Amino acid sequence: MLTLALQCLTAVLGCCFARAALSISRHRTALAPDRRAGWLLAAVGFGVFGASSAVQDVGAVAAFLLGEGTAVYDTYLRWAPAMNHSRIGAGIAFGGAMAWVAWRGRFPGRLGWAVMLAAMLVGMLAGAAGGAREGPFEMRVHGFTAATGLTVELIAFATALLVAASRGTLDLFLWTALMFYASSMALSVPLLSSASLADSVGHRRPAAWLLQLQPAVLGAMMLGVALFRLALLQRGLRVRDVLGRGPGRRPRVLDLDRAGDAPAGVLRER
């Protein structure tokens, strides 16, 4: 029961974070274009995650209430891997899209948004297809495949965080929220791997509720960050970017072509 409650709480927190991110992105005059784009993309991505998780949790609750051996219970176990992998597939594309927004440092046009949304849709469908081929939920198999997929998603978001930190293009609070999300994946990978290997190496599996506890805790922290950022905007206060610069300033780019004209150990900025 605790595991199911934490699972449902994570979905609710994801939807709430998406709603807060959407509210933040609507502050057109207070946010630089790249920061507004990051929050809007976060609203889309976590909105998809939250909605998908909520649909799956309805099935989980029904399966729990009706009990093992019922058609609903068997159907849920059959399609749970597909639902899980669909979010991982969309998350990989989501992380890549966030890295692209951070690199460009500007608000994408219609074509850019269309490409990002299409990539997330393709990732979701590809993940769902892979999960469907996996078959009914079995921790020995699903733990390994989910850990592998989350590792790829973690790399995508780590890339986005590094790009944003080096170029100073995403809002500091969004960067912090995404760091919490990446931390959740980093914690999930060893837990899922341990659970999948428990039978073969002869050790106890991590408690099921533990797998759901850290996403719920870090999801609450993400929501707190977004609500605090929204409160700052509503009060008219602005914050500096990841590199400590004020709002609206372009990222500093080192002019490597002119580096030879500078003193030893110094690179000029343009």
For this session: Go over the candidates Leu267, Leu192, Leu210, Leu170 one by one and state the one that is out of contact with any strand residue (DSSP E or B) (no Cβ under 9 Å at 6 or more places or on another chain), modelled with pLDDT under 95 and assigned to a loop (DSSP other than H, G, I, E, B).
Result: Leu170
Exercise. Among the residues of segment 112-135, is there at least one that is without any contact (Cβ under 8 Å) to a residue 60 or more places away in the chain, touching a Leu at 6+ places or on another chain (Cβ under 6 Å) and outside any loop (DSSP other than H, G, I, E, B)?
Worked result: no
Exercise. Condition test on Thr169, is it crowded, with 17+ Cβ neighbours inside 10 Å and touching a helix residue (DSSP H, G or I) at 6+ places or on another chain (Cβ under 9 Å)?
Worked result: yes
Exercise. Out of the residues in segment 30-80 that are over 22 Å from Thr10 (Cα atoms) and among the small types (Gly, Ala, Ser), which is modelled with the lowest pLDDT?
Worked result: Ala30
For this session: Could you identify the single residue in Val189, Val163 that is surrounded by 17 or more Cβ atoms within 10 Å (Cβ to Cβ), free of Cβ contacts under 8 Å to residues at least 60 places away in the same chain and among the β-branched types (Val, Ile, Thr)?
Result: Val189
Problem set entry | Tally of residues being within 30 Å of Ala195 (Cβ to Cβ), surrounded by fewer than 17 Cβ atoms within 10 Å (Cβ to Cβ) and among the small types (Gly, Ala, Ser) across segment 112-146 | 3
For this session: Run Arg104 past the list (1) at pLDDT below 95; (2) within 21 Å of Gly131 (Cβ to Cβ); (3) among the charged types (D, E, K, R); (4) under 21 Å from the mean Cα position of the chain (by Cα) and report the number of the one that doesn't hold.
Result: (2)
Problem set entry | Tally, over segment 101-111, of residues that are surrounded by fewer than 18 Cβ atoms within 10 Å (Cβ to Cβ) and either assigned to a helix (DSSP H, G or I) or among the polar types (S, T, N, Q) (or both) | 4
Exercise. Among the residues of segment 73-80, is any out of contact with any Leu (no Cβ under 6 Å at 6 or more places or on another chain) and under 25 Å from Phe157 (Cα atoms)?
Worked result: yes
Seminar exercise, completed: The lone condition Glu68 fails out of (1) of a type outside the set (Gly, Ala, Ser); (2) out of contact with any Ser or Thr (no Cβ under 6 Å at 6 or more places or on another chain); (3) assigned to a helix (DSSP H, G or I) is (3)
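The values are calculated or read from the model by the stated rules, or taken from the named source; none is laboratory data. Keep in mind it's a predicted model, so treat the numbers as computed, not measured. Methodologically, a virtual Cβ is constructed for each residue, glycine included, from the backbone with ideal geometry; neighbour enumeration extends over all protein chains shown.
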